[in-house]
Structures are given as C-alpha cells and as structure tokens.
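For reference, the structure is listed below as structure tokens.
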Amino acid sequence: MSESPEMECPSCSEPTLAAFVSFGSYFTRCMSCDFEGPATSWRALSSKLQGRSRAVVVDENYKHTQVIVEGEASEIAEAISNIAYQGKLVLLLAPNADS
Ligand SMILES: [Zn+2]
C-alpha cells in the first residue's frame with residue numbers, strides 16, 4: 001500500500017507534490033525538488049474542499065507518525081486545524097477514489 005502524494009509538481013513534473021497544514025496555513029511542497037507553493041489560509045481553503053481525505057502527522061523528515069483522522073474534508077477540517085495549531089505538521093492525503 002503506497003501512501004505517496006498524488007499531485008504533480010509544477011516545477012519538476014514528478015507526482016510528488018504533497019499538501020500540508022501547519023498552524024493556520026495550507027501549502028504544498030514537492031518531495032523531489034523541494035518546490036514550495038504559496039501558503040494560503042487553511043480555514044478559507046478547507047471550507048471549499050470536497051471529497052474524502054486523510055490527515056497524517058509527519059515529523060521533520062516527512063515520515064508518517066500518526067494518522068489523525070479520515071473522512072469528508074469538510075468534517076475533518078476542524079480536527080486538522082486543532083492538531084496543526086499544536087505546532088505539528090499535518091500531511092493531507094487523498095484516499096484512492098472509487099468513482
Ligand atoms: Zn518538484
């Protein structure tokens with residue numbers, strides 16, 4: 001079972017762009033080339049998210065340490081905020097869609 005990111009990096013075109021939440025900010029970072037996208041407000045963004053996602057706490061080496069929550073993005077946004085505000089780096093993953 002792979003849990004690698006699924007978004008394509010605009011800089012190196014590898015499918016290794018990952019989405020993170022840290023404190024109140026959402027941003028993307030490429031695991032291959034360290035490209036980092038502009039940060040935006042997690043609260044503003046989370047209200048527009050649709051579909052299921054999974055939130056995982058990662059350490060400074062981006063190793064998964066703990067799955068926080070999985071569910072509809074709109075329903076887990078608050079839980080993600082709470083963890084991110086504790087100073088933890090939260091990686092957002094999109095479970096494989098079935099439709
Ligand atoms: Zn890249």
The one condition Tyr85 fails out of (1) loosely packed, with under 13 Cβ neighbours inside 10 Å; (2) away from the ligand (no atom under 16 Å from the Cβ); (3) in contact (Cβ under 8 Å) with a residue 24 or more places away in the chain is (1)
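Which residue is modelled with the lowest pLDDT, if the candidates are limited to segment 3-19 and must be more than 17 Å from Val57 (Cα to Cα) and more than 9 Å from the ligand (Cβ to nearest atom)?
Here is the first cut: in segment 3-19, the ones more than 17 Å from Val57 (Cα to Cα) are 6-16.
Filter once more, so that each one left must be more than 9 Å from the ligand (Cβ to nearest atom): 6-7, 15.
On the way: Glu6: 71, Met7: 87, Pro15: 93.
Taking the candidates together, the pick is Glu6.
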Exactly one of these conditions fails for Glu60: (1) acidic (Asp, Glu); (2) at pLDDT 90 or above; (3) exposed (fewer than 12 other Cβ atoms within 10 Å of the Cβ). Give me its number. (2)
Would you be able to tell me the number of residues in segment 20-50 that are charged (D, E, K, R) and near the ligand (Cβ under 10 Å from one of its atoms)? 3
Answer yes if at least one residue in segment 67-86 is under 11 Å from the mean Cα position of the chain (by Cα) and polar (S, T, N, Q), and no otherwise. no
Scanning segment 23-55 for residues that are aliphatic (A, V, I, L, M) and farther than 15 Å from Glu6 by Cα, which turns out farthest from the chain's Cα centre (by Cα)? Ala44
For segment 1-57, give me each residue that is of a type in the set (Asp, Glu), loosely packed, with under 14 Cβ neighbours inside 10 Å, free of Cβ contacts under 8 Å to residues at least 24 places away in the same chain and more than 23 Å from Tyr85 (Cβ to Cβ). Glu8, Asp34
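The values are calculated or read from the model by the stated rules, or taken from the named source; none is laboratory data. Computed from a predicted model, the values in this text were never measured in an experiment. Ideal geometry is used to build each Cβ from the backbone, glycine not excepted, and the neighbour counts take in all protein chains shown.
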